[in-house]
Structure formats: structure tokens, C-alpha cells
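The values are calculated or read from the model by the stated rules, or taken from the named source; none is laboratory data. From a predicted model like this one, the values you see are computed outputs, not experimental measurements. Note that each Cβ is placed from the backbone with ideal geometry, even for glycine, and that neighbours are counted across all protein chains shown. Quick note on the areas: whole protein, heavy atoms, side chains included, nothing else; ligands and nucleic acids left out. Shrake-Rupley method; radii C 1.70, N 1.55, O 1.52, S 1.80 Å.
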Amino acid sequence: MNKYASLRRRFFNALTTTLMTGLSLLLLVYVGFGEAQQTYRQFTVEKLFSQGRVIQNAMETFLRPGLPIRQYVGFATRAEPILSSDPTIASIAVYDATGQLVFSGGEQVPLIHSESGDGEHTHDLRVNGDHLQVVLPLKSRFETVGSLALTIPSAVIDDRVEHDFKRLLPFAFALSLLFGLFAAIAGAQLTGRGTRSLQVVYGLTFMSMAALVVATLVVLYSDGAQAKTKALANSLGQRIGDIAAFNLNISEIVGLDQALLEYRRLNPTISAAALMVDGKVELHTDPAAIGKPWIGERRTYEYTFDLTSPDSARPITLAVTVPKEIVFWQVARSVKNFLALFIASAFIAGLALQLAASMRHRAAADNMSVDGQQAREVALDRVKPVFFVAVFLEQLLQPFLPQFMEKAVVSSGLSPSMISAPFMAYYLLFALALIPAARFSKRFGPKSLMYVGLLLSAVGLMVLALPVDFVIMTAARAMSGIGQGMLFIGVQSYILATAAPTRKTQAAAIIVFGFQGGMISGTAIGSLIVVYIGAQGVFTLAAVLAILMAIYAKLVVPVVAESWDQSLQNSGPKRRFLSNLGQLVRSLDFLKAMLCVGIPAKAVMTGVVVFALPLLLTQAGFAQEDIGQVIMVYAAGVLVASVYASRRVDRTGRADIVLFLGTIASGAGLMLIGLAGWQPVGGVALGLPLSTVTMISGVLIVGLAHGFINAPVVTHVATSRLAYAVGAESATATYRFLERIGHVAGPMILGQLFFLYGGQSPVVLAWVGLAVFGLALLFLIPTRGPSEATIRNAEMMARGAGGGAQAIPLQPVSGSVQVAAAATK
């Protein structure tokens, strides 16, 4: 029987880890596939644009004096060589200003309607279900008189990319299966150091799959770049081919060198173009190379076009080169996205492995009335995914939710100042739900709060996926706020009731891991998948995950044992929130910490990082995935700095200096972000525009600064003199509730500032940073502590609130617990 149970556990471990790894690797392949489709399409569009410029230049020379477009007679001469040299092009056609067909070559493909309009762009990309079309305007000296459309079937791109990526699926399956087998063999060591070994092997598995995806991308991008180089050479060769055909002396043709330079100017990706006669360079975009033998460079893709006429004794060759670094930067961008995905997957994998370990102890958890250490640990392990996924769901939306709401405001014809309303509604209802949720938890148990909260959150998310107006969207965010508030209290109550007195640090780590891991993972994955499935797709996915997690909470999370719950309820005196609030707000030291440090930090987090930053980054031209990764920089900064700050405060016992430095740094980071909107900030640093480097650096500094604030401010409040009278628990609980004023006020303040400034500008953040800087200086002003009478009064009220119990003196609290307490903000 034991042997059968062991085999069953091993099979379960193998199945769980194989599915978890398979989903991670498939997500990696999916993201790589999407990257490849976008980039390969970009190469194709650039190729079509270069080919179309040949016809466009010739026709505009004819049209410039004002001649009718239908009188142009050289279309077939220009179009047929392109069609014959590039079989992927289905059609080349010319349309007049009314959209009527004038000339065509190849298949008859209608002009695809443009939703954005041609505008003043050099070309317009239009796509329908079957074709991709690059449209170039045809202009006379006075107006646009028509358009030139080059069309290829979408299947040309899709089939090419799908062919290469389908070959990766067996590798993903094999690596997932191998990792699952390894987990099954090492099943007895799925805890402790064994879990760490599994995480290392998982990392190697993910990196191996990522290497295969990157190799596939390199091949695809290289093919795309070379196809573009070939098209550039062919189009240039056709323009000057007549010279060679008539056996004219190249050196005597006036202006040919300028034609090469002009062609390079029109196609900036060309690194060099040269015309060789008898193997020697006759013309070159670099004058220093003229007269020398042609030598290709290893760092470029090169394509040569033979211009030699049949009766010529002197070979004439045209060469065009494109730097290979264009492939490198495209691959580097993909690798950057894979790294973000790996970090997200690492958090998810760690959670899944711990869950698999807890499921091995099914027998110990079947009867949760048994007050055993093992049963408590199993309960804690099983509740971890609930909080993680709850945070993860909300963070999936953060990289694009402000932009989504901005579009909804515009389409509804409302004032731009209303963009912040859904964010205010979410955080306000989150805060208001906390107190009734705590009462609900005592009456019905924390487990019921979890799945009810998840279901409310799911309803709010599903409403966003529907075509509803802005008011309904705001109500949906309010519903999600209520659900998240209920779920937070449910998880917190469950952890406090379940954790043994000697395992409080482990319980606190659940909050740390759930919040930081969920934030980083959700932001990374949300910013990547929204590009491919759209905002409505992400809303639907998040709603489905919330429903699945609600089912998990209902069926898998154990009910809290009655003995555990009683031990928690009898473990200390009860406090009255309103009576303690009245005492605490009379303390200048408490008000200083709350108004100068805590509330501003939370307002910056929700108002700047969650609300304003995605809008500013979108306005600055950042790609959607880049926006999510910038927010990840903030989260990483908080996580790293929290560890250092909590240790320093625990070691020195001084939180005020750390809080001052954190607030000063927060203001400086905001001003640095604002500097990115200052016009004189130009140039390049680290291969990026200096304004981009400035903005990302500012976000990192704000993240590090908040890491210096989140944990120490709780310690500062808990160790205050008044907290000794009312109790550290009561003081920190009151502070945490009041601190949520910042959550609600942040989006409102930033929204109004943008409206008053006349638009979304980073300069507004510089003024906010200056205000935070001023609050930091106010925090330094010394204040007198509460009088002895105030303390005695607080102690008397504390005794009354606790039924005669004495206020408990503050005990030293470990740094990890303080980080956990603050991380939930």
C-alpha cells in the first residue's frame, strides 16, 4: 500500500511539474512567435516600401508639373521587374485620389480601407484578413493626386514564421517531460534544499528553451534582413540599369554619385552602396573607397546586382550592404522580453513547486481539525496561490489600463480629468471594504472571504471585456476593489489564524512573496500578451483565472481549524479603532509620519507608477511591453531596497533617518522623471535616447526610495511613544488604514494636475517631486512627544477597549515581518 501511495505521489509530482513547465515554455514560444511575426512583418514592410519608392519617384517626377496621373506611360516598365524578381508580391497598383484603379500589375487586389488615414506619412500600412498592403502617396507639386499600393498575402509572413516555430513545440514538450520526470525522481526532496535544486533545474530548462527560440529568431531576422537587402539592390539596379545597357562610361555620367547618396538617404538602413567596374569601385557612398577593390565586410549583409550587358566586355556590378546589427538589436529586444518573462515564470514556478510539495501531504491535511504542525504548514502552502494570483490578476492590467480608460473617456466625450475616476473608485472601495470584511471573516471564516472576493473581482474584470460605457467601467473597477479588499482580509486572517506562533516569519513571507511576485509577474506577462490578444483578451483571461482560483480556494484550501482560530482570538486584547484613532491623530509625530511620508508614498505609487507613468510612456512612444518592464524596474527597486532598509532599521533602531532619505530620494526620482520632458534633454546614452535613460533611472530611484519607506514607516509608528500606550498592533493597524488615503488621492491628484497643465507631461511629475521634497524637509522638524497626561489617557482607553487588559509593550519585530506588513500596500 505504501509503495502504491509513493508511486501515486511521484506520478502527481511529475504531472504537476510537467504541466507547470509546459505552460511556461509554451508561453515563451508564444511570445517568441508574436515577436517574430511583428519583426518579420516589419522587415517585409520595409522591403515593400523600398521597392515602392522606385515607382513612386518615377511617377512623382512626371506628376510634379501637374500632369494627369492617367497619362503616365511607364508603370508597366517599373512594376514588372519588381513583380518578376519578388514572387511574394501579389499586386502592384495605382489609384487616383478618389480610390479608382488606374494601373495594376499582378493579381487584382482591391485597395484596403485605412482607418487612420494616410496623413502626411511616407507610407501607410493596411491589413485585412488575407493581405498586407503598403500604400505610398503620389503627390504633385500642389497636392496628393493618388496612391501606389504594393500587396502581399498575409500567409507569406504567417507561413514562414509558423514553419519555424512549429519545430520548437516538440522541444518544449520534451523539456517539460524531462523536468517532470526529474521532479518525480526527486519527489522525496521536494522540500527544503530539494526545492532549491528543482528551481535551479527549472531555470536551466527555461534557458535551454529560450536559447532555441532565440536561435530561431536569429534565422528569421537574418532572412528578413537579407531579403530587404536584395530588394534594395534590385530597386537601385533597375534605376541605373539603363546606363550599363547602353555601354555608357560610368565615370562620365554626371550626378550618378549623388543618386547613390540620395538612395542611401531615402533608405537609412543601407550602410553602403557601390558601383564596380572590372572589380574596382567606380562610385561609392563613401568617397574614400573609390578606386579600391571591393571588399565585403563581415559585419554586413551584402547583395550584388549584375548590371553587365550581354555585349559588354567589362563587368559592371552594383553592391548594397545592410549592417548585421539591425538583426542584433531586434534579437536583443526579444531577449529583453524573454528575460522579463523568465523572471515572471520563476516566481510562478517557485509557487507551483511549493504547492506540489504541500499536496504530497494530503493525508496530513485531510482532517484539518488535527492541530498539528504539518497540517498548519500544508494550509499555509495551499493558501499561497490565492494571494499571489489575486495580485497577479490586477497587475496584468496595469501596463495598459490607464491608456484603455483614456480611450474610453475620449469615446464617451467626457472631460480628460475623468481618466482617474476608475482608479479612485478601485482604491476607495478597496479601503472601505476592509472593516466590514474583517467582521465577515469572524462570522463566516476567512476561506469564504477568499472565494467570494475572487468571484466579485472576476465579475468586475469580465464587465471590462464587454462593450460598455465609461460609467459602467468605473463601477466594474469599484466591484473589483471590493473583491480585492475582501480577499486581502480573508488571506491575512487565514494566515494569522493558521501560522503557529513560532512560524510567524514564514507566514509574513507569504505576503511578501504574493505581493512582490504577483506584481512583477503580472506586469511582465500582461505587457507582453496584451500586444497579441488585446485589452479585452487580457480582461477575459484575468476573469477566467479569478474564477478558477475561486474554485481552488473553495475545494483545495483547508478550513481553519477551530482550535487555531480560538488561539488567535484569545492571543491579545481587542482594540477599538475609533477610540485609538482619536488618540493617535493628536500625536504630531504620528501625523508627521503619516502626512509627510506614508500617504505621499502611497499617492506616488498609485498616482504616478500605476496611473500616470503608463500614459506618459505611451505618449513618449514606448512599446507596450516596454511599459510593463519599466514598471517592473520600480517593483524590483522596492524589493531590493526593502531588504536593506529593514535590516538597517532593525540593527540601528532608528527609522526616522531612513524615512527621510527615502522621501528625499522619492522626490529626486520624480524630478528626474520630469526632466525627461524638458526639451534640452537630448543625445544618446547606453544606446538609448537620453530622455529614456533619464525616465527609467527616475523610476528606479522612486522604487528604491519606496523600499526605504514601506517597511521602516511601520516600524517608526510601532515604536513611537504613544504606540506603547495604545499598543503597537493598534497603532500600526490605524496607520495602515489611514495610509490608504494616499492610494485614493494619488490618481485624483495626478489626473487634475494633468488637466490643469493642459495635457499629460512629465514636467508635472517634477512639480510633484518638488512637493515630496518639501514634505521630507517638514518631516525633519522636531516635535514634542505626547504628554504624560495623553499617554495615561490612552492607556486608560486601551484598558477599556480591551476589557481591562493592559496595553502590551512593543516587542522587537523582525525585518522580514515589517517588509511583509508594508509590502501589502
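Candidates in the stretch 211-245 are the residues that are at pLDDT below 80 and β-branched (Val, Ile, Thr); of these, the one that is farthest from Thr317 (Cα to Cα) is Thr229.
Taking Thr17 as the residue in question, decide whether it is open to solvent by 80 Å² or more (accessible area, probe 1.4 Å) and part of a helix (DSSP H, G or I). Against the criterion (open to solvent by 80 Å² or more (accessible area, probe 1.4 Å) and part of a helix (DSSP H, G or I)), Thr17 does not qualify. The set of residues in the stretch 400-449 being in a loop (DSSP other than H, G, I, E, B), under 21 Å from Ile749 (Cβ atoms) and not aliphatic (A, V, I, L, M) consists of Ser415 alone.
Scanning the stretch 283-304 for residues that are open to solvent by 50 Å² or more (accessible area, probe 1.4 Å) and either touching a residue at least 60 places away in the same chain (Cβ under 8 Å) or closer than 24 Å to Lys228 by Cα (or both) yields a count of 9. Going through (1) more than 27 Å from the chain's Cα centre (by Cα); (2) at pLDDT 90 or above; (3) of a type in the set (A, V, I, L, M, F, W, C); (4) open to solvent by less than 30 Å² (accessible area, probe 1.4 Å) one by one, Ala655 falls short only on (2). Might you check whether a residue that is modelled with pLDDT of 85 or more, in a helix (DSSP H, G or I) and of a type outside the set (Ser, Thr, Tyr) occurs anywhere in the stretch 688-697? Yes, the stretch 688-697 contains a residue that is modelled with pLDDT of 85 or more, in a helix (DSSP H, G or I) and of a type outside the set (Ser, Thr, Tyr).
Within the stretch 156-189, being without any contact (Cβ under 8 Å) to a residue 60 or more places away in the chain and surrounded by fewer than 13 Cβ atoms within 10 Å (Cβ to Cβ) holds for Asp159, His163, Lys166, Arg167, Pro170, Ala174, Ala188. Tell me, please, whether a residue that is at pLDDT below 75 and aliphatic (A, V, I, L, M) can be found in the stretch 269-285. Taking every residue of the stretch 269-285 in turn, none turns out to be at pLDDT below 75 and aliphatic (A, V, I, L, M). Within the stretch 748-769, the set of residues being of a type outside the set (A, V, I, L, M), at pLDDT below 90 and at negative phi comprises Gly751, Gln752, Phe754, Phe755, Tyr757, Gln760, Ser761, Pro762.
With the structure loaded, tell me whether Ser104 is over 16 Å from Gln133 (Cα atoms) and not in a loop (DSSP other than H, G, I, E, B) or whether it fails that test.
Spelling it out, it is not the case that Ser104 is over 16 Å from Gln133 (Cα atoms) and not in a loop (DSSP other than H, G, I, E, B).
Among the criteria (1) open to solvent by 60 Å² or more (accessible area, probe 1.4 Å); (2) in a strand (DSSP E or B), the one Arg141 does not fulfil is (2). Residue-level check: of (1) within 19 Å of Gly224 (Cα to Cα); (2) open to solvent by 60 Å² or more (accessible area, probe 1.4 Å); (3) touching a Pro at 6+ places or on another chain (Cβ under 8 Å), His131 misses just (2). Go through the residues of the stretch 714-737 one by one and say whether even a single one is within 29 Å of Ala425 (Cβ to Cβ), touching a Ser or Thr at 6+ places or on another chain (Cβ under 6 Å), modelled with pLDDT of 75 or more and not aromatic (Phe, Trp, Tyr). Scanning the stretch 714-737 turns up at least one residue that is within 29 Å of Ala425 (Cβ to Cβ), touching a Ser or Thr at 6+ places or on another chain (Cβ under 6 Å), modelled with pLDDT of 75 or more and not aromatic (Phe, Trp, Tyr). Can you name the residue in the stretch 308-336 that is open to solvent by less than 30 Å² (accessible area, probe 1.4 Å) and assigned to a helix (DSSP H, G or I) and is also modelled with the lowest pLDDT among such residues? Ranking the qualifying residues of the stretch 308-336, first place goes to Val327. On the basis of being of a type outside the set (D, E, K, R), assigned to a helix (DSSP H, G or I) and over 30 Å from Gly526 (Cβ atoms), does Phe11 make the cut? The answer is yes for Phe11.
A quick yes/no check of all residues on (1) buried (at least 24 other Cβ atoms within 10 Å of the Cβ); (2) in contact (Cβ under 8 Å) with a residue 12 or more places away in the chain:
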site: Leu429; (1), (2): no, yes
site: Arg439; (1), (2): no, no
site: Pro446; (1), (2): yes, yes
site: Leu449; (1), (2): yes, yes
site: Leu454; (1), (2): yes, yes
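Anything in the stretch 605-629 that is open to solvent by 10 Å² or more (accessible area, probe 1.4 Å) and not in a loop (DSSP other than H, G, I, E, B)? List them, or say none. Residues satisfying the conditions are Met605, Val610, Thr618, Gln619, Gln624, Glu625, Asp626, Gln629. Scan the stretch 450-503 for residues that are under 22 Å from Pro422 (Cβ atoms) and either outside any helix (DSSP H, G or I) or in contact with a Cys (Cβ under 8 Å, 6 or more places away or on another chain) (or both) and the total you get is 5.
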